[in-house]
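To start, the structure itself, in structure tokens.
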Amino acid sequence: MLWSATARLSANPSPLHLPVFNQSITVFGKSKPSSVRCSHSRAMETNDDTSKAKGLSFDDFLSKKPYSPPTWASHLKPIPSHVFSLAHLPTPIHKWNLPNLPQDTEVWLKRDDLSGMQLSGNKVRKLEFLLAEAVAQGADCIITIGGIQSNHCRATAVAAKYLNLDSYLILRTSKLLVDKDPGLTGNLLVERFVGAHIQLISKEEYAKIGSVALTNVLKEQLHKEGRRPYVIPVGGSNSLGTWGYIEAMREIEEQLQIRSNRVKFDDIVVACGSGGTIAGLSLGSWLGALKAKVHAFCVCDDPDYFYDFVQDLIDGLQAGVNARDIVSIINAKGLGYAINTSEELKFVKEVAAATGVVLDPVYSGKAVYGMMKGMAENPKKWEGRKVLFVHTGGLLGLFDKVDQMAPLVGNWQRMDVNESIPRKEGIGKMF
């Protein structure tokens, strides 16, 4: 359900009636028909540290190019040498008309769920750097690992195939299902369509062995078969992958610079599942011109784990900053990773009905749920602030929740056509 920010929540808040929005939506930073792109070395920097967007020609997509970082990140080490053009960038930013916000609070939406069809979501930004390194090392296949409905694994399988690389996905599932065909629901359909090799592991074995050891086992097996595998960690979250969201911050800066009535974001809110996205956003906001406070809602593990993990990532870039100084991490795990309450799913449905924006249930859905809850409980903290929420995609994850969602969407009926309406066989052409 959507919370009202006008009063503190009771233990069991009642559902709210959502208003119909008729005002126009402000959009900026949207790609022009020429497919404008503002990030990476595709846009050369000027002396005033402003990158000029250039239209992509038809052969720029899937191309590998030398990489030049933002000047404010040029002291980080190591700097990637190359980057692939995989995503459709820049993704648009628009005002998001969420109901029941605190007084004078504005929420804007960064649409990284629109970064590309099969690749849609935040993972493609990381893959642009990771796959450039894989190709440079002469890899002929990619190994990665995640949950049974991993958005990262799906994006990796698609991106790898674009680059003529095979993919091997280690997917975590229930011990009751580990010996059964995983089916074709959601991300699995795309992965299996593009020819990914699926390896199932039970959650219990995963917990005892760990992702690093599991990917190393598969790596050794493929080496023995004469393959040249490149391993990408969970979520693409390592120091190299972090550059994807350092670049995203440059993109956001550029989008704000070209807007006539400049918007200044006070806060950036995003879901956190593996840590790389929040590491890049937080470091980029801290080092760059934006200086917005980053709030990350973690959907697995706990805040202390992610503070330590983000610290390792930014230490790997020799950033010299403390993770706790640049990001606030809030627990939004709820019942557990990829497990939803009926209240959370109802909230996702209500947001879609009120605003047209479909959130995934695993990441952004829980993050917006947590953000709105926080605004309702402490509206004074958010009054008058401009908030940018980064939608990290994951729409395919909804297909794994259809049984839970079905009772929430009953708006259908058979059309009643009066007998007085003329009828003639064959008059209605069916295409």
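Test residue 163 against the stated conditions and say whether it is surrounded by 21 or more Cβ atoms within 10 Å (Cβ to Cβ), in contact with a helix residue (DSSP H, G or I) (Cβ under 8 Å, 6 or more places away or on another chain) and either touching a residue at least 40 places away in the same chain (Cβ under 8 Å) or under 17 Å from residue 186 (Cβ atoms) (or both). Against the criterion (surrounded by 21 or more Cβ atoms within 10 Å (Cβ to Cβ), in contact with a helix residue (DSSP H, G or I) (Cβ under 8 Å, 6 or more places away or on another chain) and either touching a residue at least 40 places away in the same chain (Cβ under 8 Å) or under 17 Å from residue 186 (Cβ atoms) (or both)), residue 163 does not qualify. Scanning segment 184-210 for residues that are in a loop (DSSP other than H, G, I, E, B) and hydrophobic (A, V, I, L, M, F, W, C) yields 184, 194, 196. Selection over segment 382-431 of residues that are more than 26 Å from the chain's Cα centre (by Cα) and outside any loop (DSSP other than H, G, I, E, B) gives a count of 1. Counting only strands (runs of 3 or more DSSP E) wholly contained in segment 69-166, the ones carrying 2 or more residues that are closer than 19 Å to residue 282 by Cα occupy 106-111.
Tell me whether segment 348-356 contains one or more residues that are at pLDDT 95 or above, farther than 16 Å from residue 97 by Cα, open to solvent by 70 Å² or more (accessible area, probe 1.4 Å) and among the hydrophobic types (A, V, I, L, M, F, W, C). No: segment 348-356 contains no residue that is at pLDDT 95 or above, farther than 16 Å from residue 97 by Cα, open to solvent by 70 Å² or more (accessible area, probe 1.4 Å) and among the hydrophobic types (A, V, I, L, M, F, W, C).
Beta carbons closer than 9 Å, at least 6 apart along the sequence or on distinct chains, pair a first residue in segment 410-431 that is farther than 27 Å from residue 349 by Cα with a second that is open to solvent by 100 Å² or more (accessible area, probe 1.4 Å) and part of a loop (DSSP other than H, G, I, E, B) for 417/423. Tell me which residues, restricted to segment 86-112, are closer than 16 Å to residue 247 by Cβ and either among the hydrophobic types (A, V, I, L, M, F, W, C) or touching a Lys or Arg at 6+ places or on another chain (Cβ under 7 Å) (or both). Passing the criteria: 86, 87, 89, 90, 91, 93.
Considering segment 280-294, the residues that are out of contact with any Phe, Trp or Tyr (no Cβ under 7 Å at 6 or more places or on another chain) and more than 25 Å from residue 104 (Cβ to Cβ) include one that is surrounded by the most Cβ atoms within 10 Å (Cβ to Cβ), namely 282. Only one of the listed residues (317, 345, 388, 359) is open to solvent by less than 40 Å² (accessible area, probe 1.4 Å), in contact with a Ser or Thr (Cβ under 7 Å, 6 or more places away or on another chain) and at pLDDT 95 or above. That residue is 317.
Just so you know, in segment 355-381 the residues that are part of a loop (DSSP other than H, G, I, E, B) and more than 22 Å from residue 255 (Cβ to Cβ) include one that is farthest from the chain's Cα centre (by Cα), and it is 378.
Rundown of residues vs (1) closer than 23 Å to residue 114 by Cα; (2) of a type in the set (A, V, I, L, M, F, W, C); (3) touching a helix residue (DSSP H, G or I) at 6+ places or on another chain (Cβ under 9 Å); (4) at pLDDT 95 or above, yes/no style:
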{"site": "259", "(1), (2), (3), (4)": "yes, no, no, no"}
{"site": "273", "(1), (2), (3), (4)": "yes, no, yes, yes"}
{"site": "281", "(1), (2), (3), (4)": "yes, yes, yes, yes"}
{"site": "290", "(1), (2), (3), (4)": "yes, yes, yes, yes"}
{"site": "295", "(1), (2), (3), (4)": "yes, no, yes, yes"}
{"site": "303", "(1), (2), (3), (4)": "no, no, no, yes"}
{"site": "306", "(1), (2), (3), (4)": "no, yes, yes, yes"}
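The residues of segment 240-272 that are under 22 Å from the mean Cα position of the chain (by Cα), over 24 Å from residue 332 (Cβ atoms) and open to solvent by 30 Å² or more (accessible area, probe 1.4 Å) amount to a single one, 240. For residues that are under 19 Å from residue 401 (Cα atoms) and either of a type in the set (Gly, Ala, Ser) or more than 24 Å from the chain's Cα centre (by Cα) (or both), scanning just segment 176-219, find the one that is surrounded by the most Cβ atoms within 10 Å (Cβ to Cβ). Applying the filter and picking the extreme gives 186. Does residue 219 count as in contact (Cβ under 8 Å) with a residue 24 or more places away in the chain, closer than 27 Å to residue 360 by Cα and out of contact with any helix residue (DSSP H, G or I) (no Cβ under 9 Å at 6 or more places or on another chain)? In short, no.
In the condition set (1) closer than 19 Å to residue 149 by Cβ; (2) more than 16 Å from the chain's Cα centre (by Cα); (3) open to solvent by 40 Å² or more (accessible area, probe 1.4 Å); (4) touching a residue at least 40 places away in the same chain (Cβ under 8 Å), residue 330 is compliant with all but (1).
The values are calculated or read from the model by the stated rules, or taken from the named source; none is laboratory data. No experiment lies behind these values; they were computed from the predicted model shown. Here the Cβ is made from the backbone with ideal geometry for all residues, glycine too, and neighbour counts use every protein chain on show. To get the accessible areas, we keep the full protein, side chains included, count just its heavy atoms, and leave off ligands, DNA and RNA. Shrake-Rupley method; radii C 1.70, N 1.55, O 1.52, S 1.80 Å.
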